[in-house]
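In what follows, a structure is listed as structure tokens, so that the remarks can point back to it.
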Amino acid sequence: MLDLVANHPTDVPTRETLIFLTSRIPAGAEILEIGCGEGQVACELLRRGYRVTALDSDPEAVARAQKRAVPAVVGSWPHFGSGVSFDAIAFTRSLHHISPLPEAIARARELLNSMGLLLIEDFAFEEAEEATIDWFVRVLRSKQGTALINPIAGQLVTELLSSTDVLKAWHDNRGHDVHSITTMTEAIAERFVVREIESVPYLYRYLIPVLTENAKAAAFVNEVFQEELLLGQRGEVVLVGRRIVAG
């Protein structure tokens, strides 16, 4: 088990991403994280003895990552030069935005060593159906959700809360200029052998931007994660998160 206690809402998705990566990448490996954001995952990987290069196109996010002592750089994939090869390249919820997709995957192949792993954490927005989104909206409108959520313009949670057609709001928010999971998987399979595809919770992640950074909000995110996982295992909601491992 990871020694990451969820004191803040962001700790829950960070924990889940760490479980994914550390369970598949050998200790001490050289990792390139693409889409590092503010560096939460990269920071935890460094703490656990991995060698990490973190890449993001957002200068402000990179600056925050650097304040965590993460070796983060501003860059746009696939236009990223490196003098080293990597044991693993991880696209942490970033590949769906990156174009052109074939070049993005080809560049990953070039920078991986011969035994290297490609790890993708992303989502299948197109697979979400009405029952799944209805469940999430019930969570948002619950007594606990109402007490903790601070609606912010432009966030999916805010749009779902104000919508009378939640499935349309979902597709309007997530469906533009985003690669489908099928498109991403096919592109990966052109250059790699896909070893594993796993469906996992994802909707709980949308809570993070609209919650205050405290332990009570973190507990709420964790509860929603656990409920999403359980309902997904029962087949009552669709687990739209995807993890892909290829080599």
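Right, Glu30: open to solvent by 20 Å² or more (accessible area, probe 1.4 Å), at pLDDT 95 or above, of a type in the set (D, E, K, R) and under 24 Å from Pro102 (Cα atoms) or not? Considered against the rule, which asks whether it is open to solvent by 20 Å² or more (accessible area, probe 1.4 Å), at pLDDT 95 or above, of a type in the set (D, E, K, R) and under 24 Å from Pro102 (Cα atoms), Glu30 comes out as yes. Could we say that Leu55 is within 17 Å of the chain's Cα centre (by Cα) and closer than 17 Å to Ala29 by Cβ here? Against the criterion (within 17 Å of the chain's Cα centre (by Cα) and closer than 17 Å to Ala29 by Cβ), Leu55 qualifies. Residue-level analysis places Leu156 outside the set of residues that are closer than 30 Å to Ser82 by Cβ and either of a type in the set (Val, Ile, Thr) or within 17 Å of the chain's Cα centre (by Cα) (or both). For the residues Leu161, Leu203, the requirement of being touching a Phe, Trp or Tyr at 6+ places or on another chain (Cβ under 7 Å) and either more than 30 Å from Met115 (Cα to Cα) or crowded, with 20+ Cβ neighbours inside 10 Å (or both) singles out Leu203.
Looking only at region 70-83, which residues are open to solvent by 80 Å² or more (accessible area, probe 1.4 Å) and either touching a Cys at 6+ places or on another chain (Cβ under 8 Å) or over 22 Å from His179 (Cα atoms) (or both)? Can you show your working first?
Initial filter on region 70-83 (open to solvent by 80 Å² or more (accessible area, probe 1.4 Å)): 74, 79, 83.
Selection gives Val74, Gly83.
Apart from one condition, Ala61 fits all of (1) farther than 26 Å from Phe192 by Cβ; (2) open to solvent by 40 Å² or more (accessible area, probe 1.4 Å); the exception is (2).
Filtered by the rule that a residue be open to solvent by less than 60 Å² (accessible area, probe 1.4 Å), more than 14 Å from Ser76 (Cβ to Cβ) and either touching a helix residue (DSSP H, G or I) at 6+ places or on another chain (Cβ under 6 Å) or of a type in the set (Phe, Trp, Tyr) (or both), region 34-53 gives Gly37, Gly39, Gln40, Val41, Glu44, Tyr50, Val52. Selection over region 83-97 of residues that are of a type outside the set (Val, Ile, Thr) and within 14 Å of the chain's Cα centre (by Cα) gives a count of 7. Among residues of region 108-120 that are of a type in the set (Val, Ile, Thr), those with a beta-carbon under 9 Å from a residue that is assigned to a helix (DSSP H, G or I) and surrounded by 13 or more Cβ atoms within 10 Å (Cβ to Cβ) at least six positions away or on a different chain give the pairs Ile120/Leu95; Ile120/Met184; Ile120/Thr185; Ile120/Ile188. Within region 7-19, residues that are β-branched (Val, Ile, Thr) reach partners that are in a helix (DSSP H, G or I) and open to solvent by less than 20 Å² (accessible area, probe 1.4 Å) with beta carbons closer than 8 Å, at six or more positions or on different chains, in the pairs Val12/Tyr204; Val12/Ala218; Val12/Val221; Val12/Phe225; Thr14/Val41; Thr17/Val41. The residue list Ile152, Ile197, Ile181 contains one member that is surrounded by 19 or more Cβ atoms within 10 Å (Cβ to Cβ), touching a helix residue (DSSP H, G or I) at 6+ places or on another chain (Cβ under 9 Å) and either in contact (Cβ under 8 Å) with a residue 40 or more places away in the chain or among the basic types (Lys, Arg) (or both), which is Ile181.
Does Ala169 satisfy the criteria of being part of a helix (DSSP H, G or I) and within 22 Å of Gly37 (Cβ to Cβ)? It is false that Ala169 is part of a helix (DSSP H, G or I) and within 22 Å of Gly37 (Cβ to Cβ). The residue that is modelled with the lowest pLDDT, among those in region 78-91 that are touching a strand residue (DSSP E or B) at 6+ places or on another chain (Cβ under 8 Å) and under 18 Å from Phe192 (Cα atoms), is Ser85.
Checking the structure you have, find out if any residue of region 96-109 is under 22 Å from Thr22 (Cα atoms), loosely packed, with under 15 Cβ neighbours inside 10 Å and hydrophobic (A, V, I, L, M, F, W, C). No, the conditions are met nowhere in region 96-109. Just so you know, in region 135-144 the residues that are over 22 Å from the mean Cα position of the chain (by Cα) and in a helix (DSSP H, G or I) include one that is surrounded by the fewest Cβ atoms within 10 Å (Cβ to Cβ), and it is Lys143.
Among the residues of region 200-228, those that are part of a helix (DSSP H, G or I), more than 16 Å from Thr17 (Cβ to Cβ) and among the hydrophobic types (A, V, I, L, M, F, W, C) comprise Val210, Ala215, Ala217, Ala219, Phe220, Val224.
The values are calculated or read from the model by the stated rules, or taken from the named source; none is laboratory data. Remember, it's a predicted structure, so these values are computed and weren't measured experimentally. Please note: Cβ atoms are built from the backbone with ideal geometry, for glycine as well, and neighbour counts cover all protein chains shown. Heavy atoms of the whole protein, side chains included, go into the accessibility calculation; ligands, DNA and RNA do not. Shrake-Rupley method; radii C 1.70, N 1.55, O 1.52, S 1.80 Å.
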